[in-house]
Amino acid sequence: MISTSGLTKVYGVHPAIRGLTFEAAPREILGFLGPNGAGKTTTMRILAGFMPPTDGRATVAGFDVVDQSLEVRRRVGYLPETVPLYPDLTVTEYLDYMGSLRHVPDLDRRIEEVLEEVALVERSESYVGNLSKGLRQRVGLAQALLHKPQVLILDEPTIGLDPAQIIEVRRLIQELGKERTVMLSTHILSEAQALCDRVLIINKGVIVAEDTPANLQAQLAGAEQLILRVGSHDAALLESLSRLPGVARVTAQPGSEELRVETSPGHDVRARLARAVVEKGFDLLELRPAGVSLEAVFLQLTQDAAGEEND
Amino acid sequence: MRNVWIVARREFRHYFVSPIAYAVALFLFVVLGILFYVNVSFGVQSGDITPDGRLVMGPMVTLLLLTVPFLTMRLIAEETGSGTIELLLTAPVRDGELVVGKWLGAMGFITLLLALTWIYPVLLHRMTTPGIDQGLLLSATLGVLLMVSAIAGIGVMVSALFRNSLAAGFVTLAVILVLWVIGGLASGSSGASEIVRYLSFGDHLFDNLFQGVVDLGDVLYFVSLTVLSLFVGSQIVESRRWR
(Lines give C-alpha, C1' and ligand atoms only; values in the text may rest on other atoms or scores of the structure.)
Protein backbone atom coordinates (compact mmCIF):
# COMPACT_ATOMS: atom_id res chain seq x y z
CA MET A 1 0.00 0.00 0.00
CA ILE A 2 2.96 2.24 0.76
CA SER A 3 6.24 1.59 -0.97
CA THR A 4 9.39 3.66 -1.04
CA SER A 5 12.80 3.12 -2.51
CA GLY A 6 15.86 5.20 -1.82
CA LEU A 7 13.78 8.05 -0.45
CA THR A 8 16.00 11.02 0.27
CA LYS A 9 15.23 14.57 1.29
CA VAL A 10 17.85 17.26 1.63
CA TYR A 11 17.11 20.65 3.14
CA GLY A 12 19.78 22.96 1.83
CA VAL A 13 22.85 20.82 2.47
CA HIS A 14 21.47 18.97 5.46
CA PRO A 15 20.05 15.54 4.60
CA ALA A 16 16.91 14.86 6.66
CA ILE A 17 16.47 11.32 5.37
CA ARG A 18 18.84 9.20 3.34
CA GLY A 19 17.82 6.33 1.10
CA LEU A 20 14.81 5.06 3.01
CA THR A 21 13.38 1.90 1.49
CA PHE A 22 10.38 0.23 3.06
CA GLU A 23 6.90 -1.11 2.40
CA ALA A 24 3.62 -1.20 4.23
CA ALA A 25 1.08 -3.88 3.40
CA PRO A 26 -2.68 -3.32 3.23
CA ARG A 27 -4.32 -3.33 6.68
CA GLU A 28 -0.95 -3.14 8.36
CA ILE A 29 -0.14 -0.78 11.22
CA LEU A 30 3.40 0.32 10.61
CA GLY A 31 5.20 2.14 13.38
CA PHE A 32 7.85 4.70 12.68
CA LEU A 33 10.03 4.95 15.71
CA GLY A 34 12.91 7.28 16.30
CA PRO A 35 14.27 10.10 18.41
CA ASN A 36 13.26 13.66 17.65
CA GLY A 37 14.86 14.93 14.47
CA ALA A 38 15.34 11.44 13.04
CA GLY A 39 13.39 12.25 9.86
CA LYS A 40 9.98 10.84 10.75
CA THR A 41 8.01 13.98 9.94
CA THR A 42 9.91 14.56 6.71
CA THR A 43 9.12 11.05 5.50
CA MET A 44 5.46 11.38 6.41
CA ARG A 45 5.16 14.75 4.69
CA ILE A 46 6.54 13.24 1.52
CA LEU A 47 4.08 10.35 1.68
CA ALA A 48 1.18 12.73 2.35
CA GLY A 49 2.02 14.72 -0.77
CA PHE A 50 3.07 17.86 1.08
CA MET A 51 6.49 17.97 -0.49
CA PRO A 52 8.44 15.94 -3.02
CA PRO A 53 11.57 13.96 -2.15
CA THR A 54 14.96 15.18 -3.33
CA ASP A 55 15.72 11.71 -4.61
CA GLY A 56 14.17 8.25 -4.65
CA ARG A 57 10.58 7.21 -5.21
CA ALA A 58 7.49 6.63 -3.17
CA THR A 59 4.11 5.25 -4.12
CA VAL A 60 0.97 5.25 -2.03
CA ALA A 61 -1.94 3.01 -3.06
CA GLY A 62 -0.11 2.49 -6.33
CA PHE A 63 0.25 6.19 -7.19
CA ASP A 64 3.52 8.07 -7.37
CA VAL A 65 3.71 10.84 -4.76
CA VAL A 66 5.30 13.27 -7.22
CA ASP A 67 3.72 12.51 -10.59
CA GLN A 68 0.26 11.60 -9.26
CA SER A 69 0.22 13.76 -6.18
CA LEU A 70 -3.50 14.59 -6.37
CA GLU A 71 -4.43 10.90 -6.60
CA VAL A 72 -2.25 10.16 -3.58
CA ARG A 73 -3.74 13.04 -1.61
CA ARG A 74 -7.26 11.77 -2.35
CA ARG A 75 -6.41 8.44 -0.75
CA VAL A 76 -4.42 9.59 2.25
CA GLY A 77 -5.68 10.88 5.58
CA TYR A 78 -2.95 12.89 7.21
CA LEU A 79 -2.57 14.11 10.76
CA PRO A 80 0.41 16.47 11.01
CA GLU A 81 2.55 16.60 14.14
CA THR A 82 1.19 19.89 15.44
CA VAL A 83 -2.40 19.96 14.32
CA PRO A 84 -2.85 23.27 12.53
CA LEU A 85 -6.44 24.48 12.78
CA TYR A 86 -8.34 27.67 12.05
CA PRO A 87 -9.23 29.18 15.43
CA ASP A 88 -12.12 31.21 13.97
CA LEU A 89 -14.08 28.12 12.90
CA THR A 90 -16.17 25.77 14.98
CA VAL A 91 -15.34 22.07 14.89
CA THR A 92 -18.20 21.40 12.50
CA GLU A 93 -17.33 24.36 10.26
CA TYR A 94 -13.74 23.23 10.13
CA LEU A 95 -14.66 19.67 9.18
CA ASP A 96 -17.12 21.05 6.64
CA TYR A 97 -14.33 23.08 5.00
CA MET A 98 -11.85 20.21 4.90
CA GLY A 99 -14.54 17.73 3.84
CA SER A 100 -15.81 19.88 1.01
CA LEU A 101 -12.26 20.34 -0.29
CA ARG A 102 -12.11 16.56 -0.39
CA HIS A 103 -15.56 16.32 -2.00
CA VAL A 104 -16.83 13.93 0.67
CA PRO A 105 -20.30 12.69 -0.34
CA ASP A 106 -23.16 13.26 2.12
CA LEU A 107 -20.82 15.41 4.16
CA ASP A 108 -23.15 16.44 7.00
CA ARG A 109 -23.86 12.85 7.94
CA ARG A 110 -20.25 11.84 7.57
CA ILE A 111 -19.19 14.66 9.91
CA GLU A 112 -21.61 13.36 12.53
CA GLU A 113 -20.22 9.84 12.14
CA VAL A 114 -16.64 10.97 12.49
CA LEU A 115 -17.40 13.19 15.49
CA GLU A 116 -18.96 10.13 17.06
CA GLU A 117 -15.86 8.07 16.28
CA VAL A 118 -13.46 10.52 17.93
CA ALA A 119 -15.92 11.35 20.74
CA LEU A 120 -16.28 15.03 19.92
CA VAL A 121 -20.04 15.26 19.45
CA GLU A 122 -20.50 17.46 22.52
CA ARG A 123 -17.90 19.96 21.31
CA SER A 124 -19.05 20.13 17.71
CA GLU A 125 -20.14 23.76 18.02
CA SER A 126 -17.08 24.92 20.00
CA TYR A 127 -14.57 27.18 18.34
CA VAL A 128 -11.43 25.27 17.51
CA GLY A 129 -9.36 28.06 19.10
CA ASN A 130 -10.97 27.33 22.49
CA LEU A 131 -10.23 23.61 22.55
CA SER A 132 -7.58 21.94 24.67
CA LYS A 133 -4.61 20.29 23.02
CA GLY A 134 -6.11 16.83 23.36
CA LEU A 135 -9.38 17.90 21.79
CA ARG A 136 -7.58 19.62 18.92
CA GLN A 137 -5.68 16.43 18.32
CA ARG A 138 -9.01 14.67 17.99
CA VAL A 139 -10.28 17.32 15.56
CA GLY A 140 -7.15 16.66 13.51
CA LEU A 141 -7.84 12.96 13.60
CA ALA A 142 -11.47 13.55 12.57
CA GLN A 143 -10.23 15.59 9.63
CA ALA A 144 -7.93 12.76 8.58
CA LEU A 145 -10.76 10.22 8.70
CA LEU A 146 -13.47 12.25 6.94
CA HIS A 147 -12.95 10.89 3.44
CA LYS A 148 -12.46 7.27 4.57
CA PRO A 149 -8.89 7.15 3.28
CA GLN A 150 -7.20 3.90 2.32
CA VAL A 151 -4.03 5.06 4.01
CA LEU A 152 -3.76 6.94 7.27
CA ILE A 153 -0.57 8.79 8.08
CA LEU A 154 -0.46 9.92 11.67
CA ASP A 155 2.46 11.96 12.94
CA GLU A 156 2.69 11.49 16.72
CA PRO A 157 -1.05 10.87 17.13
CA THR A 158 -1.06 10.64 20.93
CA ILE A 159 1.22 13.57 21.70
CA GLY A 160 -0.28 15.95 24.25
CA LEU A 161 -3.11 13.65 25.25
CA ASP A 162 -3.87 12.60 28.80
CA PRO A 163 -3.56 8.89 29.68
CA ALA A 164 -7.27 8.17 29.23
CA GLN A 165 -7.29 9.87 25.85
CA ILE A 166 -4.15 8.01 24.82
CA ILE A 167 -5.86 4.69 25.51
CA GLU A 168 -8.90 5.89 23.59
CA VAL A 169 -6.92 7.04 20.56
CA ARG A 170 -4.87 3.84 20.53
CA ARG A 171 -8.04 1.82 20.57
CA LEU A 172 -9.35 3.91 17.69
CA ILE A 173 -6.15 3.43 15.69
CA GLN A 174 -6.29 -0.31 16.22
CA GLU A 175 -9.88 -0.29 15.03
CA LEU A 176 -8.93 1.76 11.95
CA GLY A 177 -6.02 -0.53 11.19
CA LYS A 178 -8.42 -3.39 10.58
CA GLU A 179 -9.66 -1.82 7.35
CA ARG A 180 -6.83 0.37 6.17
CA THR A 181 -3.10 0.87 6.22
CA VAL A 182 -1.94 3.00 9.08
CA MET A 183 1.49 4.50 9.36
CA LEU A 184 2.17 6.24 12.62
CA SER A 185 5.22 7.83 14.08
CA THR A 186 6.03 7.95 17.72
CA HIS A 187 8.95 8.27 20.04
CA ILE A 188 7.05 6.39 22.73
CA LEU A 189 8.26 2.82 22.58
CA SER A 190 5.43 1.24 24.47
CA GLU A 191 3.06 2.77 21.94
CA ALA A 192 4.83 1.12 19.04
CA GLN A 193 4.89 -2.10 21.03
CA ALA A 194 1.17 -1.95 21.78
CA LEU A 195 -0.11 -0.79 18.41
CA CYS A 196 2.08 -1.79 15.55
CA ASP A 197 2.30 -4.93 13.47
CA ARG A 198 5.73 -3.88 12.37
CA VAL A 199 8.20 -1.24 13.52
CA LEU A 200 10.79 0.73 11.60
CA ILE A 201 13.43 2.27 13.77
CA ILE A 202 14.91 5.33 12.16
CA ASN A 203 17.80 7.40 13.37
CA LYS A 204 19.54 10.34 11.70
CA GLY A 205 17.63 9.76 8.50
CA VAL A 206 18.40 6.06 8.02
CA ILE A 207 16.52 2.92 8.96
CA VAL A 208 18.49 1.07 11.63
CA ALA A 209 16.06 -1.79 12.23
CA GLU A 210 12.84 -3.13 10.81
CA ASP A 211 10.81 -5.99 12.27
CA THR A 212 7.84 -6.92 14.42
CA PRO A 213 8.06 -5.57 17.97
CA ALA A 214 8.45 -9.16 19.24
CA ASN A 215 11.32 -10.00 16.91
CA LEU A 216 13.11 -6.77 17.66
CA GLN A 217 13.05 -7.68 21.31
CA ALA A 218 14.28 -11.16 20.56
CA GLN A 219 17.17 -9.74 18.55
CA LEU A 220 18.63 -8.21 21.62
CA ALA A 221 17.59 -10.99 23.94
CA GLY A 222 20.00 -13.54 22.47
CA ALA A 223 21.13 -14.26 26.00
CA GLU A 224 18.39 -14.38 28.59
CA GLN A 225 18.70 -12.61 31.86
CA LEU A 226 17.25 -13.62 35.20
CA ILE A 227 16.71 -11.56 38.28
CA LEU A 228 17.37 -13.38 41.51
CA ARG A 229 16.30 -11.84 44.78
CA VAL A 230 17.95 -13.24 47.86
CA GLY A 231 17.70 -12.21 51.52
CA SER A 232 21.43 -11.46 51.62
CA HIS A 233 24.44 -12.54 49.61
CA ASP A 234 28.20 -12.64 49.71
CA ALA A 235 31.04 -12.99 47.25
CA ALA A 236 31.21 -16.74 47.79
CA LEU A 237 27.60 -17.15 46.66
CA LEU A 238 28.22 -15.11 43.54
CA GLU A 239 31.31 -17.15 42.85
CA SER A 240 29.56 -20.52 43.17
CA LEU A 241 26.49 -19.39 41.17
CA SER A 242 28.63 -18.18 38.30
CA ARG A 243 30.32 -21.59 38.15
CA LEU A 244 27.00 -23.36 37.53
CA PRO A 245 26.68 -24.84 34.03
CA GLY A 246 24.72 -22.54 31.70
CA VAL A 247 25.41 -19.39 33.71
CA ALA A 248 27.51 -16.83 31.87
CA ARG A 249 27.80 -14.10 34.45
CA VAL A 250 26.40 -13.05 37.81
CA THR A 251 26.43 -9.45 38.92
CA ALA A 252 25.18 -7.84 42.11
CA GLN A 253 23.91 -4.30 42.45
CA PRO A 254 25.64 -2.75 45.47
CA GLY A 255 23.19 -2.35 48.33
CA SER A 256 20.52 -4.36 46.58
CA GLU A 257 19.13 -7.79 47.27
CA GLU A 258 18.95 -8.48 43.55
CA LEU A 259 21.40 -10.47 41.53
CA ARG A 260 21.38 -10.31 37.75
CA VAL A 261 22.17 -13.64 36.14
CA GLU A 262 23.04 -13.82 32.45
CA THR A 263 22.58 -17.25 31.00
CA SER A 264 24.04 -18.82 27.89
CA PRO A 265 21.49 -19.22 25.09
CA GLY A 266 19.52 -22.48 25.22
CA HIS A 267 19.95 -23.22 28.90
CA ASP A 268 17.22 -23.19 31.51
CA VAL A 269 19.12 -22.76 34.73
CA ARG A 270 16.30 -21.70 37.02
CA ALA A 271 16.00 -24.98 38.97
CA ARG A 272 19.76 -25.24 39.39
CA LEU A 273 20.00 -21.64 40.60
CA ALA A 274 17.23 -22.09 43.14
CA ARG A 275 18.77 -25.25 44.53
CA ALA A 276 22.24 -23.72 44.73
CA VAL A 277 21.01 -20.68 46.66
CA VAL A 278 19.16 -22.78 49.21
CA GLU A 279 22.01 -25.30 49.56
CA LYS A 280 24.40 -22.47 50.41
CA GLY A 281 22.06 -21.48 53.23
CA PHE A 282 20.61 -18.31 51.69
CA ASP A 283 16.95 -17.37 51.36
CA LEU A 284 15.51 -17.33 47.85
CA LEU A 285 12.84 -14.65 47.74
CA GLU A 286 12.22 -14.28 44.04
CA LEU A 287 13.35 -15.63 40.70
CA ARG A 288 12.07 -13.96 37.54
CA PRO A 289 13.13 -13.37 33.95
CA ALA A 290 14.34 -9.84 33.17
CA GLY A 291 12.36 -9.08 30.01
CA VAL A 292 14.15 -7.02 27.42
CA SER A 293 12.02 -4.05 26.48
CA LEU A 294 11.86 -2.47 23.06
CA GLU A 295 13.34 0.48 24.88
CA ALA A 296 16.61 -1.35 25.27
CA VAL A 297 16.65 -2.38 21.62
CA PHE A 298 15.91 1.16 20.61
CA LEU A 299 18.62 2.70 22.74
CA GLN A 300 21.15 0.15 21.64
CA LEU A 301 20.37 0.61 17.96
CA THR A 302 20.27 4.39 17.99
CA GLN A 303 23.41 4.59 20.10
CA ASP A 304 25.27 2.16 17.86
CA ALA A 305 24.37 4.32 14.90
CA ALA A 306 25.48 7.43 16.73
CA GLY A 307 28.75 5.72 17.58
CA GLU A 308 29.42 4.80 13.96
CA GLU A 309 28.65 8.33 12.95
CA ASN A 310 31.27 9.67 15.32
CA ASP A 311 33.98 7.23 14.22
CA MET B 1 -13.19 24.71 -10.29
CA ARG B 2 -15.39 23.65 -7.38
CA ASN B 3 -12.37 23.92 -5.09
CA VAL B 4 -11.88 27.53 -6.12
CA TRP B 5 -15.39 28.32 -4.88
CA ILE B 6 -14.90 26.41 -1.65
CA VAL B 7 -11.69 28.28 -0.85
CA ALA B 8 -13.23 31.60 -1.95
CA ARG B 9 -16.30 31.10 0.23
CA ARG B 10 -14.14 30.34 3.24
CA GLU B 11 -11.96 33.44 2.68
CA PHE B 12 -14.97 35.67 2.05
CA ARG B 13 -16.55 34.57 5.32
CA HIS B 14 -13.30 34.98 7.17
CA TYR B 15 -13.39 38.73 6.52
CA PHE B 16 -16.49 38.98 8.69
CA VAL B 17 -14.63 37.68 11.74
CA SER B 18 -11.43 39.54 10.98
CA PRO B 19 -10.72 42.74 12.93
CA ILE B 20 -8.47 44.00 10.14
CA ALA B 21 -11.30 43.79 7.64
CA TYR B 22 -13.58 45.82 9.90
CA ALA B 23 -10.82 48.36 10.52
CA VAL B 24 -10.24 48.73 6.80
CA ALA B 25 -13.96 49.07 6.12
CA LEU B 26 -14.29 51.69 8.85
CA PHE B 27 -11.33 53.65 7.54
CA LEU B 28 -12.68 53.50 4.00
CA PHE B 29 -16.17 54.67 4.89
CA VAL B 30 -15.13 57.40 7.32
CA VAL B 31 -12.48 58.93 5.07
CA LEU B 32 -14.65 58.59 1.99
CA GLY B 33 -17.56 60.19 3.83
CA ILE B 34 -15.46 63.16 4.95
CA LEU B 35 -13.96 63.65 1.49
CA PHE B 36 -17.39 63.42 -0.08
CA TYR B 37 -18.80 66.03 2.29
CA VAL B 38 -15.83 68.37 1.80
CA ASN B 39 -15.81 68.03 -1.98
CA VAL B 40 -19.52 68.59 -2.34
CA SER B 41 -19.77 71.54 0.07
CA PHE B 42 -16.72 73.31 -1.39
CA GLY B 43 -17.94 72.51 -4.86
CA VAL B 44 -21.31 74.03 -4.15
CA GLN B 45 -19.72 77.15 -2.62
CA SER B 46 -17.24 77.74 -5.42
CA GLY B 47 -19.56 76.44 -8.10
CA ASP B 48 -16.77 75.03 -10.24
CA ILE B 49 -17.32 71.29 -9.98
CA THR B 50 -19.21 68.96 -12.22
CA PRO B 51 -20.96 66.55 -9.93
CA ASP B 52 -20.30 63.07 -11.28
CA GLY B 53 -19.18 59.62 -10.16
CA ARG B 54 -15.54 60.65 -10.17
CA LEU B 55 -16.18 62.74 -7.09
CA VAL B 56 -16.42 59.45 -5.23
CA MET B 57 -14.39 57.08 -7.39
CA GLY B 58 -11.38 59.44 -7.51
CA PRO B 59 -10.65 59.40 -3.76
CA MET B 60 -11.72 55.75 -3.74
CA VAL B 61 -8.77 54.84 -5.97
CA THR B 62 -6.28 56.31 -3.52
CA LEU B 63 -7.99 54.77 -0.51
CA LEU B 64 -8.13 51.30 -2.05
CA LEU B 65 -4.53 51.55 -3.15
CA LEU B 66 -3.61 52.03 0.49
CA THR B 67 -6.01 49.53 2.07
CA VAL B 68 -6.35 46.52 -0.25
CA PRO B 69 -2.82 45.29 0.58
CA PHE B 70 -3.98 44.93 4.19
CA LEU B 71 -6.98 42.92 3.14
CA THR B 72 -4.94 40.47 1.08
CA MET B 73 -1.82 40.24 3.24
CA ARG B 74 -2.92 37.32 5.42
CA LEU B 75 -4.41 35.18 2.66
CA ILE B 76 -1.48 32.80 2.28
CA ALA B 77 1.13 34.20 4.69
CA GLU B 78 -1.04 33.45 7.72
CA GLU B 79 -1.56 29.85 6.60
CA THR B 80 2.16 29.41 6.06
CA GLY B 81 2.96 30.98 9.42
CA SER B 82 0.44 28.98 11.44
CA GLY B 83 1.02 25.73 9.57
CA THR B 84 -2.54 25.31 8.30
CA ILE B 85 -1.06 25.35 4.80
CA GLU B 86 0.13 21.79 5.50
CA LEU B 87 -3.42 20.47 5.52
CA LEU B 88 -4.43 22.53 2.49
CA LEU B 89 -1.46 21.32 0.50
CA THR B 90 -2.13 17.70 1.44
CA ALA B 91 -5.79 18.02 0.40
CA PRO B 92 -6.48 17.16 -3.24
CA VAL B 93 -6.47 20.81 -4.27
CA ARG B 94 -4.23 22.22 -6.98
CA ASP B 95 -1.95 25.06 -5.94
CA GLY B 96 -3.53 27.23 -8.63
CA GLU B 97 -7.04 26.54 -7.33
CA LEU B 98 -5.94 27.57 -3.87
CA VAL B 99 -4.40 30.84 -5.07
CA VAL B 100 -7.33 31.77 -7.32
CA GLY B 101 -9.80 30.86 -4.57
CA LYS B 102 -8.00 33.13 -2.13
CA TRP B 103 -8.02 35.97 -4.64
CA LEU B 104 -11.69 35.46 -5.42
CA GLY B 105 -12.64 35.52 -1.75
CA ALA B 106 -10.82 38.84 -1.31
CA MET B 107 -12.43 40.22 -4.47
CA GLY B 108 -15.84 39.25 -3.12
CA PHE B 109 -15.28 41.24 0.05
CA ILE B 110 -13.80 44.27 -1.70
CA THR B 111 -16.64 44.28 -4.23
CA LEU B 112 -19.07 44.28 -1.33
CA LEU B 113 -17.30 47.31 0.17
CA LEU B 114 -17.39 49.04 -3.21
CA ALA B 115 -21.08 48.30 -3.60
CA LEU B 116 -21.75 49.86 -0.21
CA THR B 117 -19.95 53.07 -1.19
CA TRP B 118 -22.32 53.49 -4.08
CA ILE B 119 -24.53 55.20 -1.55
CA TYR B 120 -22.54 58.41 -2.24
CA PRO B 121 -23.06 58.52 -6.03
CA VAL B 122 -26.71 57.67 -5.45
CA LEU B 123 -26.97 60.59 -3.00
CA LEU B 124 -25.23 62.82 -5.51
CA HIS B 125 -27.64 61.71 -8.19
CA ARG B 126 -30.62 62.65 -6.01
CA MET B 127 -29.11 65.97 -4.96
CA THR B 128 -28.54 67.18 -8.51
CA THR B 129 -30.73 67.86 -11.51
CA PRO B 130 -30.77 66.25 -13.97
CA GLY B 131 -28.66 63.78 -12.00
CA ILE B 132 -25.15 62.48 -12.61
CA ASP B 133 -23.75 60.81 -15.70
CA GLN B 134 -24.56 57.17 -15.01
CA GLY B 135 -22.41 55.83 -17.83
CA LEU B 136 -19.40 57.62 -16.42
CA LEU B 137 -20.15 56.24 -12.96
CA LEU B 138 -20.31 52.72 -14.37
CA SER B 139 -17.09 52.96 -16.34
CA ALA B 140 -15.25 54.56 -13.40
CA THR B 141 -16.52 51.80 -11.11
CA LEU B 142 -15.41 49.21 -13.63
CA GLY B 143 -12.00 50.89 -13.67
CA VAL B 144 -11.76 50.76 -9.88
CA LEU B 145 -12.81 47.10 -9.87
CA LEU B 146 -10.23 46.22 -12.50
CA MET B 147 -7.53 48.02 -10.58
CA VAL B 148 -8.54 46.32 -7.33
CA SER B 149 -8.44 42.96 -9.07
CA ALA B 150 -4.83 43.58 -10.08
CA ILE B 151 -3.90 44.84 -6.61
CA ALA B 152 -5.53 41.82 -4.96
CA GLY B 153 -3.70 39.54 -7.42
CA ILE B 154 -0.38 41.13 -6.50
CA GLY B 155 -1.41 40.94 -2.83
CA VAL B 156 -2.01 37.18 -3.00
CA MET B 157 1.23 36.66 -4.90
CA VAL B 158 3.28 38.58 -2.33
CA SER B 159 1.42 36.87 0.52
CA ALA B 160 2.67 33.54 -0.83
CA LEU B 161 6.24 34.74 -0.31
CA PHE B 162 5.93 35.46 3.40
CA ARG B 163 5.18 33.75 6.68
CA ASN B 164 4.30 37.06 8.28
CA SER B 165 1.13 38.85 7.19
CA LEU B 166 2.26 42.37 7.97
CA ALA B 167 5.46 41.97 5.98
CA ALA B 168 3.37 40.77 3.03
CA GLY B 169 1.07 43.79 3.44
CA PHE B 170 3.84 46.37 3.32
CA VAL B 171 5.67 44.72 0.44
CA THR B 172 2.41 44.63 -1.54
CA LEU B 173 1.89 48.29 -0.75
CA ALA B 174 5.40 49.07 -1.99
CA VAL B 175 4.88 47.12 -5.21
CA ILE B 176 1.63 48.84 -6.11
CA LEU B 177 2.90 52.29 -5.14
CA VAL B 178 5.77 51.72 -7.53
CA LEU B 179 3.31 50.67 -10.24
CA TRP B 180 1.35 53.80 -9.39
CA VAL B 181 4.13 56.37 -9.61
CA ILE B 182 6.43 55.03 -12.33
CA GLY B 183 4.20 56.53 -14.99
CA GLY B 184 4.97 60.01 -13.69
CA LEU B 185 8.70 59.34 -13.72
CA ALA B 186 8.81 58.45 -17.38
CA SER B 187 8.96 61.64 -19.35
CA GLY B 188 9.76 61.97 -23.02
CA SER B 189 8.78 59.62 -25.78
CA SER B 190 11.64 57.13 -25.89
CA GLY B 191 10.75 53.44 -26.16
CA ALA B 192 11.70 52.78 -22.58
CA SER B 193 9.49 55.47 -21.13
CA GLU B 194 6.62 54.29 -23.33
CA ILE B 195 6.95 50.84 -21.78
CA VAL B 196 7.22 52.25 -18.27
CA ARG B 197 4.13 54.36 -18.86
CA TYR B 198 2.31 51.31 -20.17
CA LEU B 199 3.15 49.39 -16.98
CA SER B 200 1.83 52.14 -14.75
CA PHE B 201 -1.69 52.00 -13.30
CA GLY B 202 -2.59 55.65 -13.71
CA ASP B 203 -2.86 56.13 -17.47
CA HIS B 204 -4.98 53.01 -17.88
CA LEU B 205 -7.40 54.24 -15.26
CA PHE B 206 -7.68 57.98 -15.83
CA ASP B 207 -7.23 58.36 -19.59
CA ASN B 208 -10.28 56.37 -20.64
CA LEU B 209 -12.20 54.57 -17.91
CA PHE B 210 -12.48 57.72 -15.80
CA GLN B 211 -13.63 59.62 -18.91
CA GLY B 212 -16.49 57.24 -19.56
CA VAL B 213 -14.63 55.30 -22.25
CA VAL B 214 -14.12 51.56 -21.86
CA ASP B 215 -11.03 50.74 -23.91
CA LEU B 216 -10.31 47.05 -24.42
CA GLY B 217 -6.58 47.73 -24.09
CA ASP B 218 -6.98 49.07 -20.56
CA VAL B 219 -9.23 46.18 -19.56
CA LEU B 220 -6.67 43.79 -20.99
CA TYR B 221 -3.88 45.50 -19.05
CA PHE B 222 -5.56 44.98 -15.69
CA VAL B 223 -6.80 41.49 -16.52
CA SER B 224 -3.35 40.34 -17.65
CA LEU B 225 -1.73 41.87 -14.57
CA THR B 226 -4.20 39.92 -12.42
CA VAL B 227 -3.68 36.65 -14.30
CA LEU B 228 0.08 37.04 -14.26
CA SER B 229 0.15 37.72 -10.50
CA LEU B 230 -2.04 34.71 -9.77
CA PHE B 231 0.08 32.51 -12.00
CA VAL B 232 3.29 33.61 -10.32
CA GLY B 233 1.55 33.23 -6.94
CA SER B 234 0.72 29.58 -7.59
CA GLN B 235 4.28 28.98 -8.80
CA ILE B 236 5.52 30.40 -5.51
CA VAL B 237 3.22 28.11 -3.54
CA GLU B 238 4.47 25.15 -5.55
CA SER B 239 8.11 26.13 -5.17
CA ARG B 240 7.66 26.21 -1.38
CA ARG B 241 7.08 22.47 -1.53
CA TRP B 242 10.48 21.95 -3.06
CA ARG B 243 12.40 23.77 -0.36
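One table, with the values for the structure above:
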{"item": "Greater than 20 Å apart at Cα, pairs in A:LYS40/A:LYS204; A:LYS9/A:LYS178; A:LYS40/A:LYS148", "result": "A:LYS9/A:LYS178; A:LYS40/A:LYS148"}
{"item": "Prolate/oblate/rounded label for segment B:2-242 (Cα gyration tensor, a/c 1.5)", "result": "prolate"}
{"item": "Chain B: angle of helix B:165-185 to the longest principal axis, Cα-based, in degrees nearest 10", "result": "50"}
{"item": "1.4 Å probe, heavy atoms, protein only - residues of segment A:78-98 losing at least 50 Å² accessible area vs chain alone", "result": "A:PRO84, A:TYR86, A:ASP88, A:TYR97"}
{"item": "Formal net charge of residues neighbouring A:THR90 (Cβ-Cβ distance under 11 Å; K, R +1; D, E -1)", "result": "-3"}
{"item": "Simple label model, 7 Å out from Cα along Cβ direction - B:SER193 to B:ARG163, nm", "result": "4.5"}
{"item": "Sulfur and carbon atoms: percent of accessible area, chain B [1.4 Å]", "result": "70"}
{"item": "Charge sum, other residues only, whose C-beta stays under 14 Å from B:VAL40's C-beta, Lys/Arg counted +1 and Asp/Glu -1", "result": "0"}
{"item": "Computed log₁₀ I(q)/I(0) - Debye formula, equal Cα scatterers, no solvent, segment A:2-218, q 0.09, 0.17, 0.19 Å⁻¹", "result": "-0.34, -1.21, -1.44"}
{"item": "Segment A:2-218, accessible area per residue, ligands and nucleic acids excluded (1.4 Å, Å²)", "result": "39"}
{"item": "Computed FRET value (nearest 0.05) for B:ILE34 with A:VAL121, which takes r as the C-beta separation and R₀ as 56 Å", "result": "0.65"}
{"item": "Point-to-point label distance, B:GLN235-A:LYS148, nm (Cα→Cβ direction, 7 Å offset)", "result": "4.2"}
{"item": "Neighbourhood net charge (11 Å Cβ-Cβ; Lys/Arg +1, Asp/Glu -1) for B:GLY217", "result": "-4"}
{"item": "Theoretical FRET efficiency, 1/(1+(r/R0)^6), r = Cβ-Cβ of A:SER190 and A:ARG249, R0 35 Å, to 0.05", "result": "0.80"}
{"item": "Projected label distance in nm at B:LEU123 and B:TRP242, using a 7 Å step from Cα toward the beta-carbon", "result": "5.3"}
{"item": "Chain lengthening between A:ILE167 and A:SER5 when straightened (0.36 nm per residue, less Cα-Cα)", "result": "54.9 nm"}
{"item": "Rg and Dmax [Cα atoms of the protein assembly as shown; Å; Rg one decimal, Dmax integer]", "result": "33.6, 124"}
{"item": "Loop-exposed trypsin sites (Lys or Arg not before Pro) per DSSP, neighbour cap 11 Cβ within 10 angstrom, longest uninterrupted part of chain A", "result": "A:1-177"}
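The values are calculated or read from the model by the stated rules, or taken from the named source; none is laboratory data. No experiment lies behind these values; they were computed from the predicted model shown. Cβ atoms come from the backbone with ideal geometry, glycine included; neighbour counts cover every protein chain shown. Side chains included, ligands, DNA and RNA excluded: accessible areas come from the protein's heavy atoms. Shrake-Rupley method; radii C 1.70, N 1.55, O 1.52, S 1.80 Å.
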